[in-house]
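See structure below.
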Amino acid sequence: MKTPALLALALGAMATGLRGAPDPNWIDHDRDRPMAAVIDPGTASTQDAPGRPPSDATVLFDGKDVSQWVGLDGSPTKWIVHDGALECVPGSGYVRTLQSFGDCQLHVEWAAPTPPHGVSQDRGNSGVFFGVDRYETQVLDSYESKTYADGAAAAVYGQYAPLVNAARPPGVWQTYDIIWTAPRFDAEGKLVSKARETLIHNGVLVQNNVELTGPTGWINRVPYKAHPERMPISFQDHGHPVRYRNVWVRELGSPRHREFMLPEAVLDSYAGSFGHGKWNAVVIGRLPDGLLSLTLSGQELVMHADSMTHFYALSTDVQCEFSDGGKGLTVTVGQDTEPMKLEHQEKAPNP
Ligand code: MG
């Protein structure tokens, strides 16, 4: 039998966190712990009308325009907006968001073409990709239509079949609610943690926190290769006029700068030498995945875009702003220094 003294000791141990607090920043029922932010959760869609996204979501497609979407290289997309839906134009290529996202909740509604054409993979095929074109959640007309299990609608393509087939008929709106955890890589490009996905198809859990083996591929198991944590989301052009509507995303984790993968042509216009001399010169270079390098006094930094003209480094507070279509560059280091205003140097003429 416990004595009061022992009981007091036990309670004290619990209060000091020995039993393992769920969040080490707060004790249980902490009066100073802030309440969760209040948001409007929005409304559900019906077949006739899309619902209203949660108030803290980034709306990617609201039925009106494609301003958030570009082709894979950042050029204007050829997909069309028709009857409130974003529709794939076969042969026009993937469509991707201009903005990049890491861990997130993604809501997508899609409808396979009606009347249906083709069989198996050649029937209402598209896909929702994370990591630009690396990780595909299959979109396919799987209603009373047979294909291989790990290529059906709601499959993590080639890796995980859905737990059940919750497909609706072609032409009928279907929902995907995806919880995505991006893979992590260390500074040397080594995989630290794999991507994970939970998927709810038409309100039914079909992928339960599955761990991706790497990028998805056809008859091929592709290994992970390092890429930025945040990357655009894409829809696949697989030759079928699949339609999308009411697309929104909520970024998870700590709020940070927004991040964009700018068009290749814009990034090209920013690359080159700016300024002169030892201390007043910067070299901007192209890196994969829409990133730029900024070399200043022999130090090379990786720069991420948070607008069409402004970039920032993740590792140190160096920021830069391109002006006049890439002819001018302003670099700031922290808050204390004078901005460096530099001009783009003419490229040496070809010999
Ligand atoms: Mg597909």
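The values are calculated or read from the model by the stated rules, or taken from the named source; none is laboratory data. Note that this is a predicted model, so its numbers are computed, not measured. Cβ: placed from backbone, ideal geometry, glycine included. Neighbour counts: every protein chain shown.
Figures for the structure shown
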{"read-out": "Index of the failed condition, Thr198 passing every other in (1) hydroxyl-bearing (Ser, Thr, Tyr); (2) outside any strand (DSSP E or B); (3) more than 16 Å from the ligand (Cβ to nearest atom)", "value": "(2)"}
{"read-out": "Condition check for Tyr224: within 14 Å of the ligand (Cβ to nearest atom) and at pLDDT 95 or above", "value": "no"}
{"read-out": "Strands (runs of 3 or more DSSP E) contained in the range 247-351 and holding at least 3 residues over 30 Å from Gly71 (Cβ atoms)", "value": "328-333, 340-343"}
{"read-out": "Residues being within 16 Å of the chain's Cα centre (by Cα) and near the ligand (Cβ under 6 Å from one of its atoms) - total across the range 122-135", "value": "1"}
{"read-out": "Scan of the range 36-75 for residues that are among the basic types (Lys, Arg) and farther than 30 Å from Val266 by Cα, ordered by number", "value": "Arg52"}
{"read-out": "All positions within the range 273-284 that are buried (at least 18 other Cβ atoms within 10 Å of the Cβ) and at positive phi", "value": "Gly275"}
{"read-out": "Tally, over the range 93-110, of residues that are of a type in the set (Gly, Ala, Ser) and within 15 Å of the ligand (Cβ to nearest atom)", "value": "1"}
{"read-out": "Subset of the range 45-72 [farther than 20 Å from Cys104 by Cβ and loosely packed, with under 12 Cβ neighbours inside 10 Å]", "value": "Thr46, Gln47, Asp48, Lys64, Asp65"}
{"read-out": "Residues (buried (at least 18 other Cβ atoms within 10 Å of the Cβ) and over 25 Å from His304 (Cβ atoms)) located in the range 88-106", "value": "Cys88"}
{"read-out": "Failed criterion for Tyr224 (all others in (1) assigned by TED's automatic domain parsing to the domain that holds Asp62; (2) within 28 Å of Pro76 (Cα to Cα) hold)", "value": "(2)"}
